[in-house]
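The values are calculated or read from the model by the stated rules, or taken from the named source; none is laboratory data. Since the structure is predicted, the reported quantities are computational estimates derived from the model, not experimental observations. Note: ideal-geometry Cβ built from the backbone for every residue, glycine included; neighbour counts use all protein chains shown. Accessible surface is based on the protein model in full, side chains and every heavy atom, while ligands, DNA and RNA are left aside. Shrake-Rupley method; radii C 1.70, N 1.55, O 1.52, S 1.80 Å.
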Amino acid sequence: MRQFIDEMRERGLVDEIERPVSDRFEAAQMASTTDRVLLFHDIGGKKAVMNLTANRSTLAAALGSTEADLVKRLAAASYSGTLKPIGKLEMRPADLTAFPVMTFFPKDGGPYITAGIVFSRLDGVENASIHRMMVIGKDRLAARLVEGRHTDVLHREALKRGEKLPIAIALGVHPAVTFASCTRVPEGKELAFAAELMGGELPVHECSNGVLVPEAEIVLEGYIGSEKAEEGPFVDITGTYDFERIQPVMELTGMWTKEDPIYHSILPGGSEHRLLMGVPYEPKIYRAVAGVTTVRNVVLTTGGCGYLHAVVQIRKNTQGDGKNAIMAAFAAHTSLKHVVVVDEDIDPFSMEDVEYAIATRVRGDRDLMVITGVRGSSLDPCRDGDGTNVKIGLDATMVMGEEEKFVRAGWND
């Protein structure tokens with residue numbers, strides 16, 4: 001992570017905050033006003049970084065790509081990187097008060113770790129994912145484990161055996177590792193994906209409980225057992241509060257840090273959060289749409305919380321391709337709420353361009369798809385009590401054979 005910060009500093013993209021800043025609301029408010037990297041030198045006498053990849057340009061740079069080629073490159077991933085073991089970490093007693101763990105909003109249930117990657121291991125299979133983790137003691141965290149996701153599945157299996165699930169939490173890793181941990185990949189392939197993104201090989205350390213972790217500023221190790229505690233409220237990608245839940249407790253048995261570690265924090269509902277939630281789904285949608293027509297690009301928009309709205313750019317081969325692309329996108333990412341399909345001449349990154357396509361190429365009785373009673377995002381405040389929602393697709397493409405009616409005038413005609 002330090003190397004990446006140095007690279008962003010050389011590009012003039014880092015703001016160094018030398019003055020003292022509070023970990024209660026103040027750092028969060030500062031991060032909410034910019035997408036530049038913020039490096040804090042004094043949050044309670046400790047260092048922290050926010051907005052590490054808060055725009056597509058810095059995220060693409062972290063993944064060794066350009067913005068234009070990012071989705072195509074990710075869609076071609078083979079998850080074939082290799083891991084290079086480089087020894088064990090020597091742990092000391094865990095103490096979360098050593099880090100500037102932040103409280104972001106007034107109604108938060110407490111200080112939250114938001115950029116910690118949870119590595120868990122069972123039967124030789126290792127998972128990596130990000131979970132929100134609320135501090136409830138100097139060595140205890142209440143963690144939101146989404147039901148049915150891999151960490152939850154491994155935890156339930158461990159409990160069935162009368163065991164605790166071994167975990168390690170890595171904070172301050174290279175952004176490619178963070179991104180890989182946010183991506184749905186074949187089982188146990190998160191670190192291999194990170195290695196692929198970083199050139200083919202990734203050094204890893206072993207914790208005393210057997211869990212493997214990549215290079216990080218901070219490593220916390222421990223277990224998830226049967227104990228539970230109240231977790232929340234917490235602001236999620238929609239910028240609204242998610243409610244309190246009873247969630248598993250992570251018991252921390254040790255920690256390791258670099259000298260003078262830099263703590264990474266992600267602003268809940270901020271640009272970095274939305275990009276890390278949404279961009280990993282773009283290649284999945286890209287591959288699905290490629291199965292029904294010629295796809296050019298996919299964007300999960302920031303205004304759509306980086307998760308609920310997609311713009312899909314295609315080249316139509318038949319008149320029905322727009323609607324087929326809509327259905328493919330919904331099938332690939334079931335939390336999607338609204339999809340707009342556009343032609344090659346529309347820039348999917350420009351909301352003004354997309355709105356132009358909607359204004360001039362959409363006729364409601366022909367181009368609007370409304371799908372009721374389907375599963376949507378659990379984070380959407382509009383969802384019904386049973387978790388279902390309404391999805392809308394807009395085919396904002398030109399009618400084939402009538403393109404002359406829609407083509408925009410230019411000086412190269």
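Here are some notes:
- Of the chymotrypsin sites (Phe, Trp or Tyr not before Pro) found in segment 1-44, the ones in coil according to DSSP and having at most 15 other Cβ atoms within 10 Å of their Cβ are Phe25.
- Estimated purely from DSSP H runs of n ≥ 4, each contributing -39500 (n - 2.57), the mean residue ellipticity at 222 nm for the chain is -6500 deg cm²/dmol once divided by its residues.
- Heavy-atom accessible surface of the chain, averaged per residue, reaches 42 Å², computed with a 1.4 Å probe.
- Once the chain from Arg408 to Ala76 is taken as fully extended at 0.36 nm per residue, the excess over their C-alpha distance is 116.2 nm.
- Percentage relative contact order, segment 141-213, counting C-alpha pairs under 8 Å, at least six apart: 23
- Members of Lys46/Lys72; Lys164/Lys258; Lys189/Lys258; Lys189/Lys228 lying beyond 31 Å, as alpha-carbon distances in this model show: Lys46/Lys72
- Whole-number D in µm² s⁻¹ for segment 296-413, Kirkwood Cα-pair radius fed into Stokes-Einstein, 10 °C, 1.306 mPa s: 107
- With all protein chains modelled, accessible area of Arg287 [1.4 Å, Å²]: 100
- Only aspartates and glutamates eight or more places from Lys160 in sequence, or on another chain, were considered; those with a Cα closer than 15 Å are Asp123, Asp152, Glu227.
- Surface composition of segment 304-413: carbon plus sulfur atoms contribute 54% of the solvent-accessible area (1.4 Å probe, protein chains only, all chains present).
- Computed from the C-beta positions of Thr294 and Arg92, the FRET efficiency with R₀ = 41 Å rounds to 0.15.
- Restricting the calculation to Cα atoms, segment 211-361 yields a radius of gyration followed by a Dmax of 20.4, 61 Å.
- Loop-located GluC sites (Glu not before Pro) in segment 234-278 (DSSP state not H, G, I, E or B) with no more than 11 neighbouring Cβ atoms inside 10 Å: Glu259.
- Of the chymotrypsin sites (Phe, Trp or Tyr not before Pro) found in segment 228-303, those in coil by DSSP whose Cβ has at most 11 other Cβ atoms within 10 Å are Phe243.
- Shape category assigned to segment 40-137 from the gyration tensor of Cα positions, a/c cut at 1.5: oblate
- Förster-model FRET efficiency, 25 Å R0, Lys84 and Ser208, C-beta, rounded to 0.05: 0.80
- The length gained on full extension between Glu352 and Ile392, counted as 0.36 nm times the residue separation minus their Cα-Cα distance, comes to 12.4 nm.
- Listed residues His41, His264 arranged by accessible area, highest first, probe 1.4 Å: His41, His264
- Simple spin-label estimate for Thr318 and Gln3 in nanometres, 7 Å along Cα-Cβ: 4.9
- Contact order relative to length of the chain, as percent, for alpha carbon pairs under 8 angstrom and 6 or more apart: 14
- The Cα atoms of the chain define a convex hull whose projected area, averaged across directions, is 21.4 nm².
- Share of carbon and sulfur in the accessible heavy-atom surface of segment 221-275 [1.4 Å probe, %]: 48
- 13 Å beta-carbon shell around Val219, net charge (K/R +1, D/E -1): -2
- Placing dummy labels 7 Å off each Cα toward the beta-carbon, the span from Lys138 to Ser65 is 4.4 nm.
- If R0 is 51 Å, the Cβ-Cβ spacing of Arg156 and Val399 corresponds to a FRET efficiency of close to 0.50.
- Each residue, Arg24 and Thr360, gets one label point 7 Å from its Cα in the Cβ direction; the gap between the two is 5.4 nm.
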